[in-house]
1. When both residues are 6+ apart or on different chains and their Cβ atoms are under 6 Å apart, which pairs have a first residue that lies in the range 1-28 and is within 30 Å of Gln159 (Cα to Cα), and a second that is charged (D, E, K, R)?
2. Would a scan of the range 165-185 turn up a residue that is surrounded by fewer than 19 Cβ atoms within 10 Å (Cβ to Cβ), free of Cβ contacts under 8 Å to residues at least 12 places away in the same chain and under 26 Å from Phe86 (Cβ atoms)?
3. For the range 52-96, how many residues meet the condition of being over 12 Å from the mean Cα position of the chain (by Cα) and not in a loop (DSSP other than H, G, I, E, B)?
4. Taking the range 2-18, which residues are part of a loop (DSSP other than H, G, I, E, B) and at pLDDT 90 or above?
5. Under 7 Å by Cβ, and 6 or more places apart or on different chains, what pairs join a residue from the range 202-213 that is at positive phi with one that is of a type in the set (S, T, N, Q) and outside any strand (DSSP E or B)?
6. Answer yes or no: is there a residue in the range 14-35 that is over 18 Å from Leu114 (Cα atoms) and in contact with a Lys or Arg (Cβ under 9 Å, 6 or more places away or on another chain).
7. Out of Ala33, Ala120, report the one residue that is open to solvent by 20 Å² or more (accessible area, probe 1.4 Å), aliphatic (A, V, I, L, M) and part of a helix (DSSP H, G or I).
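The values are calculated or read from the model by the stated rules, or taken from the named source; none is laboratory data. Owing to the predicted nature of the structure, the values given are computational and were not obtained by experimental measurement. Here the Cβ positions follow ideal geometry from the backbone for every residue, glycine too, while neighbour counts run over all protein chains shown. Remember, those area values only see protein heavy atoms, side chains included, never the ligands or the DNA or RNA. Shrake-Rupley method; radii C 1.70, N 1.55, O 1.52, S 1.80 Å.
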Amino acid sequence: RRKPTFCSPGQSVFSAVGPTNTGYAGLSGTSMATPSGTGAVVLMRQYLTDGWYPTGAAGPANGFTPSAALLKAMAINSADNAVSGFTAPDNNIGYGRVNADNVLYFTGDARKLLLVDNTAGLAHGQYLEYQINVVDTAVPLEVSLCWSDYPGHPAASRQIVNQLDLTVSNGATSYKGNWYVGGVSQTGGFRDSVNVEEAVLVPVPAAGLWTVRVAAPSIPIGPQPFALVITGGVGN
């Protein structure tokens, strides 16, 4: 499986240190990257519980508690491929460096946000399709799918139990989840039957209707809930 899922700043990060409330120090490593990444995801969670989605302005009536899968999908969708020497997604930086501002929509932003937190899930052989309207081709279209799988067996050669597939298409061009070349999605390729995170990134999407399809080709223990995050120059 691809790990890490994403990366976070951990080089010369200044934070509190020692037994007093005035001590600060700069440290590097996972001891700093882990809390900075966690903090970004906590802010994403608060954005949802405080009701900023879908309007981009705080509305307590819109607040809800997201699933773990949705928060992971948001973190993946937010990630920047801006780490020198690496091309996401890979096994060095995952999908890139987490950047909450990339996924959180606020009033006036060109990059819109669409969320699905499907708790009912899909049974074996089922699928769901969502149509989105790309109105601004200058904004990349990014789709991230995540699910919390049923526990695998320790003796299994592949730990994945329930498999979902992501496909993004405008009718003329189709992209499979996790089929990347040079940091962006490419046509053709093969389905990912190993990871529980799948993503599609189209840097210059064609205007018009696109279909996001989540299929369940193998669900031995289901139904399987999932979360979907879509960002781009999309309409309501």
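1. Cys7/Arg97
2. Yes.
3. 4
4. Arg2, Lys3, Pro4, Thr5, Phe6, Ser8, Pro9, Gly10, Gln11, Ser12 - these are the residues of the range 2-18 that are part of a loop (DSSP other than H, G, I, E, B) and at pLDDT 90 or above.
5. Gly208/Asn170
6. no
7. Ala33
Okay, residues lined up against (1) farther than 18 Å from Asn170 by Cβ; (2) open to solvent by less than 20 Å² (accessible area, probe 1.4 Å); (3) at pLDDT 95 or above; (4) not in a loop (DSSP other than H, G, I, E, B):
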{"site": "Thr187", "(1), (2), (3), (4)": "no, no, yes, no"}
{"site": "Phe190", "(1), (2), (3), (4)": "yes, no, yes, no"}
{"site": "Ala206", "(1), (2), (3), (4)": "no, no, yes, no"}
{"site": "Leu209", "(1), (2), (3), (4)": "no, no, yes, yes"}
{"site": "Val214", "(1), (2), (3), (4)": "no, yes, yes, yes"}
{"site": "Pro220", "(1), (2), (3), (4)": "yes, no, yes, no"}
{"site": "Ala227", "(1), (2), (3), (4)": "yes, yes, yes, yes"}
